[in-house]
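The values are calculated or read from the model by the stated rules, or taken from the named source; none is laboratory data. Every value quoted in this text rests on a predicted model; they were computed, and no experiment measured them. A quick note on method: Cβ atoms are made from the backbone with ideal geometry, for glycine too, and the neighbour counts reach across all protein chains shown. Please note that ligands, DNA and RNA were not included when accessible areas were found on the heavy atoms of the full protein model with its side chains. Shrake-Rupley method; radii C 1.70, N 1.55, O 1.52, S 1.80 Å.
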Amino acid sequence: ACKFDAGNNLSSDTRAIYQFSLITKTLTKEPLFTVDIKSVEKILGEKTKFAPSALALNPMDNNYYILSAVGNLLVVCDGKGNVIKVHHFKNPLFIQPEGIAFSANGDMYISNEGKSDKANILLFKYKKN
């Protein structure tokens, strides 16, 4: 996930998500999908900064969960880059969200760098809606 344009000639309001092959150890030349920051802002209801720091595919809903330490956001997108949900972390537990992973049962883990506080890993148990 690109934090900024990275030379891919996309709009400054767009972030590209690429695939990496573990077999060939190469990135795809074209993005798997892009995320429009204006879509994030529309759902959030305010201007924001969005610079992806980590992403993971949720095995329970097949959506991509993208963290942005800049702006303290969790953006949920489908496989085409359509923004489904946006969560703005206002809780002090989210010091600097930089890592995300899911267990097979859908539990979500978010890791935070420490900055001036202790780093942590938070567990969010999967709940079926």
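For this structure, a couple of remarks:
- When residues of the range 91-102 are limited to those that are within 17 Å of the chain's Cα centre (by Cα) and of a type in the set (A, V, I, L, M, F, W, C), the one nearest to residue 60 (Cα to Cα): 102
- Residues that are over 15 Å from residue 63 (Cα atoms), assigned to a loop (DSSP other than H, G, I, E, B) and either charged (D, E, K, R) or open to solvent by 90 Å² or more (accessible area, probe 1.4 Å) (or both), drawn from the range 103-126: 113, 115, 116, 117, 118, 125
- Summed over the range 86-125, residues that are out of contact with any strand residue (DSSP E or B) (no Cβ under 7 Å at 6 or more places or on another chain) and of a type outside the set (A, V, I, L, M, F, W, C) total 12.
- When residues of the range 22-41 are limited to those that are open to solvent by less than 40 Å² (accessible area, probe 1.4 Å) and part of a strand (DSSP E or B), the one nearest to residue 85 (Cα to Cα): 35
- Tally, over the range 76-93, of residues that are touching a residue at least 24 places away in the same chain (Cβ under 8 Å) and at negative phi: 9
- Taking strands (runs of 3 or more DSSP E) as the structural unit, those lying wholly within the range 42-102 and holding at least 3 residues that are open to solvent by 30 Å² or more (accessible area, probe 1.4 Å) correspond to 83-88, 97-102.
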